[in-house]
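Let me begin by presenting the structure, written as structure tokens, before commenting on it.
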Protein chains: 2
Amino acid sequence: MDKPKGVAFLLSQLGAYGAQRFAERLRPLDIEPRHVGLLRMISVSEGASQQELGERMGVVPSRMVSFVDDLEDRGLVERGRNPKDRRAYALHLTEKGTKMLRQAMLVSVEHNEEICAPLSQDERDVLAQLLDRLAGAHNLIPGVHPGYRHLR
Amino acid sequence: MDKPKGVAFLLSQLGAYGAQRFAERLRPLDIEPRHVGLLRMISVSEGASQQELGERMGVVPSRMVSFVDDLEDRGLVERGRNPKDRRAYALHLTEKGTKMLRQAMLVSVEHNEEICAPLSQDERDVLAQLLDRLAGAHNLIPGVHPGYRHLR
DNA sequence: GAGAAATCATTCAGCTCCTGAATGGTTTCG
DNA sequence: CGAAACCATTCAGGAGCTGAATGATTTCTC
């Protein structure tokens, strides 16, 4: 009765489940998964404009506005002015934002541990390597995906 | 510079990407990924009620209504009356629905092939086995996940 | 250098999706 | 029989996404 499920199907299932669990784990920090990537992106690209970041993450400008609004409302990022170009902002993390990112990274590690728990260390390595190959071959960049309705 | 990405992160990325690609492949059939699971569920549970199916797939009754509406509008399923219980429907596929499911399964196989293309057959087997272990250990049932906003 | 074109951020209307609380008809329980 | 449980449905409310405008600024072009 149990047909062997395809890899693509399993990836969708596990990806969706993992994202959901990660969101739950982040709840005490009052942020969501999508915010973590943005925080991280800002931290490695201090002073970038919204559009620069949006491009790298595959997020259209109008969406970026509300993402950054979210983080600014929480006091995690600041929209600084760029003296070279007064149209664009120069985004950077506040102190609170830096701490928050650090917290979120810890949560992320815990979460990863939970997901991998059923596997031995060797198996995790094998899995990580295979997934990395797939991600590379399909040109996946670490970004914020547009919301999408999910799974069969 | 390239930190090794966690398994959980890769799963989310690949799951999201795969779901998106699958949706694109289904577009010519005028259905979406979520419909495929429902068609499949109905086909293996002929005459089940909406609530039965919803329970197995983790979908609340009010959502089920519109899912079934979608399929009924496309002429793929019929809401038959259950003579034993006139509150509940007895859902079953129309002939068109059966054909559609068959088509969708073909698309699904193609899609899986595309996702796995970068890997050798042996590697696919290893990957499938590891993912299956994870899915089992985390109690994932093949269902329609509630929509969720995705990825950092 | 002045006017035209491109660029950055923003707003907004319109759409889809999801949830939870009612509602009506039907069955089952006591 | 009357009360409670149950199936499907509707509906209002909220969240998220998109694409087309808009205003401010910069860059291009002659």
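The values are calculated or read from the model by the stated rules, or taken from the named source; none is laboratory data. No experiment lies behind these values; they were computed from the predicted model shown. Every residue, glycine among them, receives a Cβ derived from its backbone with ideal geometry; neighbour counts consider all protein chains shown. Side chains included, ligands, DNA and RNA excluded: accessible areas come from the protein's heavy atoms. Shrake-Rupley method; radii C 1.70, N 1.55, O 1.52, S 1.80 Å.
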Beta carbons within 10 angstrom, averaged per residue: use that to sort the peptides A:105-118, A:34-47, highest first.
A:34-47, A:105-118
How big is the dipole moment of the protein assembly as shown about its Cα centre under a simple scheme where the beta carbon of each Lys and Arg is +1, that of each Asp and Glu is -1, and everything else is neutral? Debye, nearest 20, please.
660 debye
Rounded to whole Å, how close does chain A get to the rotation axis onto B by Cβ? Give me the residue too, please?
A:Gly15, 1
Let me check I have the definition right: for chain A, take the eigenvalues of the Cα gyration tensor, multiply each by 5, take square roots. What are those semi-axes in whole Å, largest first?
32, 18, 14
If you fit an axis through the alpha-carbon atoms of helix B:33-44 and take the longest principal axis of the Cα set of chain B, what angle between them do you get, 0 to 90°, nearest 10?
60 degrees
Which listed residue (A:Phe22, A:Ala137, A:Cys116) has the Cα farthest towards the positive end of the charge dipole for chain A, taking +1 on Lys and Arg C-beta and -1 on Asp and Glu C-beta about the Cα centre?
A:Ala137
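Find how much the distance from B:Glu72 to B:Glu55 grows on full extension, using 0.36 nm per residue of separation minus their present alpha carbon separation; answer in nm with one decimal. Present the calculation step by step, with values, prior to reporting the outcome.
Values: separation 17, 0.36 × 17 = 6.12 nm, distance 1.97 nm.
Length gained, B:Glu72 through B:Glu55: 4.1 nm.
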With +1 on the Cβ of every Lys and Arg and -1 on the Cβ of every Asp and Glu, and nothing else charged, how large is the dipole of region A:5-118 about its Cα centre, in debye rounded to the nearest 20?
200 debye
What does the highest-first list of B:84-96, A:124-136 look like by mean Cβ count within 10 Å?
A:124-136, B:84-96
Gaussian network model of chain B, Cα within-10 Å springs - most flexible of B:Ser120, B:Ser66, B:Ser49
B:Ser120
Which distances in nm, rounded to one decimal and ordered from shortest, link the label point of A:His138 to the equivalent label points in the other identical copies, with labels set 7 Å from Cα toward Cβ?
1.5
Going by amide H atoms built from the backbone, whose H comes under 5 Å of the H on A:Ala90, apart from near neighbours?
A:Gly80, A:Arg81, A:Asn82
Alpha carbon centroid spacing (whole Å) that separates region B:1-59 from region A:40-109:
32 Å
Got the A:Asn82 label distances to the other copies yet, label 7 Å along Cα→Cβ, in nm, shortest first?
6.1
Where Rh is the Kirkwood radius over Cα pairs, Rg/Rh for the protein assembly as shown:
1.02
What does the buried accessible surface come to for A and B, summed over both chains, with the probe at 1.4 Å? Round to 100 Å².
5600 Å²
